[in-house]
Structure formats: structure tokens, C-alpha cells
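This report refers to the structure that appears directly beneath it.
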Number of protein chains: 2
Amino acid sequence: MIGYPTKKNPSSKAIKQTTSKRGMSLEEDLNMTNQYYRAMDRAVIHKKPTPVQVVSVDYPMRSKARITEAYYRTPSTTDYNGVYRGRAIDFEAKDNQLKSNFPLSKIHSHQLAHLQQVAKHGAIAFVIVRFTTLDESYLIFIDQLMGFIQSHTRKSIPYAWFSEFAHRIDSGYTPPLDYLKVLDICCFKGEM
Amino acid sequence: MIGYPTKKNPSSKAIKQTTSKRGMSLEEDLNMTNQYYRAMDRAVIHKKPTPVQVVSVDYPMRSKARITEAYYRTPSTTDYNGVYRGRAIDFEAKDNQLKSNFPLSKIHSHQLAHLQQVAKHGAIAFVIVRFTTLDESYLIFIDQLMGFIQSHTRKSIPYAWFSEFAHRIDSGYTPPLDYLKVLDICCFKGEM
């Protein structure tokens, strides 16, 4: 078969399908960003593994357990956490295909509760929302998010609210999504 | 079938078998302790899910993905983390069946590297070791542990070292393993 110049590359799609379906490119960007932060010794922030309920396991070899039945569980916490400049960091990241608003149903209520709880104990807690079609990413602190939820009855946050109140995250190559820059400005008053 | 008073409850065993085989009772104690800390609003500390490499997934129902082939991965970080009194908390917990020493091979080198890295960035980083047969649990800060490793050629830490230099953790009912008490004394100088 002739590889026409416009042919889609099937291998990149194949790699994507092996991981979670949700928020793929945002997840990749954050993983690369966190890897960069660790390599530069700026922060230690990791993605938590996706929780899996294992039902049955085979032992074809003594050395290697093979899970033959398991189910994804709803995470009780957020996806990312770690430490930066002496502070605990905790956040959730959400891709959003819509252009005009971000549906609040994308964030589980127990994740909101978790973010409020860690913030109360001194962590820097936030949500990163990417408007995929616009290629714009925003950081919203949990206090801001709860403020919106408590003062509005609507079930989604309009795009205009993000561009006015949330913190736009610069995207680039190294790192792809420099969210610590937002924290430097908002939580550490720009001091280095 | 008559339920004799001495009959063992099969359901509790069934629950145990669904989770990791390693360090079961210490893990249970820590999970209960962390649950207690959260319920009392003292700290937010969770066990991270065991990382699993998913190879294939079936979709018998649209709503429920069924993992049909997966393997346990070596964790790149530690098992527990969270936030307490404004500080990031990060630790690994290890059961030990031996009475006279704790083999250092039980802690992966990348876990030691991770604990040193988070401590450098301001987290309180430590290892909890339980001598199962003696029912004694100890907390060792990463600096202490690295100090031992760097000044000794032996591949295990003698029990006597623990009883002299490590911090014994009180065991009880609520919570089963009050390790925050050690942090209150060692990291917060007893101030409340």
C-alpha cells in the first residue's frame, strides 16, 4: 500500500489507546511537564495510578502475576500530587471538548471535597481545565471554584468566566504546560 | 447451616484477598489510621493505588470496562502521601517477619531516591517498619535511614538500631498506629 502524504499515522493512535481514554493529550502534557520539573529539580509531582479492583490473578510463572479480571474504580482522590517549595500540591486535570463552557459534572463531588480538605490542611489545591478545541489551559484554585459553585445555580462554568477569573497557563515545549509559574505568582508572590 | 458462635466470618477473609498480598496487617492498620485522621480532620493522607499495566480490556456492557489482561508494575514512588499541618507527608511502609534485623533490600532504591527528593523539597519523608513477630512499629526519617546506609556496609539494619535510634509508634485501637504523634514531637516540637 502506498503511503500517501496525507495518510494518518496509525502508530500514534495505537499508543494512545493503551492508556486512559479521558483527557489524553492534557495527561501527556502534564506527565511531560512533571518529568521536566523533576529533571530540573524544581518540584516532585506525580500522577497517581488509576485505581483498579483486581478480581482474579493467575500465576503462569512464579515471578509474574497475571491479572485476568479487574475493573476500574472511581478514584477517591485527585490525579496529581506532590511537593513544591515546601508546600503540598494537589490537583485534578480535565479536558473539555466544548468551546463555550465547562460542565461541572466533569469533576466528581468527592474530588471537590478532597481538594477542599487538603487546602484546609495547607496544600495548594486546584483544577486544571483545558479547552481542547481552543488549545487554552486554565488553573483554578479550589476556593475560586467553590466560590463559583456556591454563587451560581448553573451546572457549567462559561468560557468567559475562565478568561476573566482563572489563570491561563502558558503552553510551550519545555515544559509543555508550565503551571508552577502560576503558583509562583499567586502563592509565592513572585519570590524565587 | 447453624452459625456456631466460634465460626469464622468468611466475608472478612474474602475482602482481604482482593487486595495486595504484601504487608497486609500493617497496610490495614495504616488504612484505618488514615481514615481516622481524615474523620477527625487531623490530616489528609491516602494510600496510592497499586500501579497496574493494563494490556487488554473488554466492554461486555457499555457502562463497565472489564480488564482481561494486566500486570502489576513496580511503583516509582512510595505508597502513602498527603498533607498534615501545612506540610507534605510522604512515606513507605514495610512489614518485616525477621526478629533480629530489617533487610534493606525490602526498600527499592528508587523509593529511597524519591523520599530524599521530596524531603529536599520540603516534605516530611520517612519509612515505617513493623517487626511483625514482635508487634513493634518504628518510624525512621529518610535522613536517618540514609545516614545508616552511608555509614555501614551491611545490607540490613539490626533490631537494636531501631530500638535505639528509630521512633517507636504507639499502637492502639483508635487509631491503630498513631504515627502523627511522632511527627508532632519530632517535626513540630510538640506545639499544637
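Tell me which trypsin sites (Lys or Arg not before Pro) from the range B:80-123 have a DSSP coil assignment and no more than 14 other beta carbons within 10 Å of their own. Write out the running numbers ahead of the final one.
Values: sites: B:R85, B:R87, B:K94, B:K99, B:K106, B:K120; in loops: B:R85, B:K99.
Filter output for the range B:80-123: B:K99.
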Query - Relative contact order of chain B, pairs being alpha-carbon contacts under 8 Å that are 6 or more residues apart, as % - result: 17 percent
**Report entry** Derived scalar couplings ³J(HN,Hα) [the range B:171-183; Karplus, 6.51 cos²θ - 1.76 cosθ + 1.60; whole Hz; x for Gly, Pro]
**Finding:** 10, x, 9, 10, x, x, 8, 7, 6, 5, 4, 4, 5
Report task. Only Lys, Arg, Asp and Glu count, each charged at its Cβ (+1, +1, -1, -1), so figure out the dipole size of the protein assembly as shown about its Cα centre, rounded to 20 debye. Result -> 1100 debye
Query raised in the report: Using a label position 7 Å from Cα in the Cα→Cβ direction, what is the ascending list of nm distances from B:F188 to the same site in the other copies?
Result: 2.4
Query raised in the report: Of the chymotrypsin sites (Phe, Trp or Tyr not before Pro) in the range A:83-192, which ones lie in a loop per DSSP and count no more than 15 other C-beta atoms within 10 Å?
Result: A:Y173, A:F188
Query raised in the report: Can you list, shortest first and in nm, the gaps between the label point of A:H108 and those of its counterparts in the other copies, using a point 7 Å from Cα in the C-beta direction?
Result: 2.4
Report summary line: In order over the range B:34-40: 3J(HN,Hα) from phi, Karplus 6.51/-1.76/1.60, θ = phi - 60°, whole Hz, x for each Gly or Pro, gives 5, 5, 4, 4, 5, 4, 8
Query raised in the report: Which whole number gives the average, over all residues in A:117-125, of C-beta atoms from other chains lying within 10 Å of the residue C-beta?
Result: 5
Query raised in the report: What trypsin sites (Lys or Arg not before Pro) in the range B:159-192 are in a loop by DSSP, with at most 15 other Cβ atoms within 10 Å of the Cβ?
Result: B:K189
Query raised in the report: Residue of B with Cβ nearest the axis relating B to A, plus distance in whole Å?
Result: B:A88, 2
**Report entry** Nm distances between copies for A:Y173, ranked from closest, using label points 7 Å along Cα→Cβ
**Finding:** 6.4
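Every number in this text was worked out from the coordinates using simple rules, so none of it is lab data. Since the structure is predicted, the reported quantities are computational estimates derived from the model, not experimental observations. Glycine gets a Cβ as well: all are built from the backbone with ideal geometry, and neighbour counts include every protein chain shown.
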